[in-house]
Structures are given as structure tokens and as C-alpha cells.
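The values are calculated or read from the model by the stated rules, or taken from the named source; none is laboratory data. Just so we're clear, the structure is a prediction, and the values are computed from it rather than from any experiment. Note that we place each Cβ from the backbone using ideal geometry, even for glycine, and neighbour counts take in every protein chain shown.
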Amino acid sequence: MHRLIYTSTATRLLKEDDLFELLDSARAQNSAEHISGILIYHEGCFFQVLEGDKEAVEHCYERICRDGRHTNFIQLANEAAISRMFSDWWMAYRQFVDLGQFQQKQFIELRDLAKTAMRMPVVDNLKANAILRAFLYSFRDLQLAS
Ligand SMILES: Cc1cc2nc3c(=O)[nH]c(=O)nc-3n(C[C@H](O)[C@H](O)[C@H](O)COP(=O)(O)O)c2cc1C
């Protein structure tokens, strides 16, 4: 099992319809490749978790990076994982407004740390990692909601 988490910047503002179209085709492809995860979009910033077999996740990420709809890719994690965190979702989707207050704060912190990472060679990895783990853990009940 492998997990890859990244943030990126939309090259143009996406409307809800655009996002649902994107999600429809991503889910079809992900279910065929057994890739689960979550996508969050807020003010031109994407945050996505991809989890599945290492090769499938890496191929999916390569495709995603070739997509002209976004740019400025920052990997927050690319690691072996014991189990899936979003096992019931070929690609769950959350808007910023759907997140809890604490999740919103963590999302903004992660987005800002990723922006800093673009400018500075050294990222505050420990801090980013701690926020990332807490953020992911906060979705632990999402599986039950399906
Ligand atoms: C923010 C974002 C997230 C995406 N997530 C996925 C995804 O989870 N799975 C997927 O197959 N494609 C996803 N896509 C679409 C891919 O970038 C790509 O368009 C699609 O896989 C088709 O690739 P191909 O034309 O090289 O076959 C995403 C695109 C964007 C902009």
C-alpha cells in the first residue's frame, strides 16, 4: 500500500460543474485501478490524497501532473502505508466549507506551508508532517459516513 499527498494550484478558477466533471472521470479511472483518496479544492488550491498500489498511485500522479488544469505541485507525502484511510472512496470530495473549523485551520496551514516550500529550499518538515497527520486523522470517520 502506498500513499501520495500533494497540493497544487489551479491554472484557472474552476466552477462546481468543472469539478464534478473532473471527479466523475477521476472516480471511473480510480475504481479501475483501485486508487482511493480525497480531493479538497479551495480558492484555486487543490489538496489530494492518492492511495493504492505503489505503481498505480505513481502512474496516476504522473497523469495528474501532466494535466494543464493545475500547476505548482508540492508533494507533502510519498510513502508506504499500512492501510487505506479512504477505503470507501475512489475519490472523496470536500469543499472547504464542508470541513470543520479545526480542519479548515489545518488546511490553511498546510496550504501556506506548501507555498513556503515553493520559495524556500528547506521546509519545516516536522511542523508540516504533524499538521498533515492530524489533518488526515480528522477524516477517520469519513469511511463510516458512506
Ligand atoms: C486536481 C485534479 C485531480 C485529479 N485527480 C485524478 C484522479 O484521482 N484520478 C485520475 O485518474 N485522474 C485525475 N485527474 C485527471 C488527470 O489529471 C487526467 O486528466 C486523467 O487521468 C486522464 O489522463 P490521460 O489523458 O493522460 O489518460 C485529476 C485532475 C486534476 C486537475
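Quick notes on this one:
- Residue 22 meets the stated requirement of being more than 16 Å from residue 135 (Cβ to Cβ), surrounded by 13 or more Cβ atoms within 10 Å (Cβ to Cβ) and near the ligand (Cβ under 9 Å from one of its atoms).
- Condition met for residue 13 (more than 11 Å from the ligand (Cβ to nearest atom) and either among the aromatic types (Phe, Trp, Tyr) or not in a helix (DSSP H, G or I) (or both)): yes
- Among the residues here, residue 114 qualifies as under 13 Å from the mean Cα position of the chain (by Cα) and modelled with pLDDT under 90.
- Flag if residue 5 is within 10 Å of the ligand (Cβ to nearest atom) and aliphatic (A, V, I, L, M): no
- Every listed requirement among (1) among the hydrophobic types (A, V, I, L, M, F, W, C); (2) surrounded by fewer than 17 Cβ atoms within 10 Å (Cβ to Cβ); (3) more than 15 Å from the chain's Cα centre (by Cα) is met by residue 73 save one, (3).
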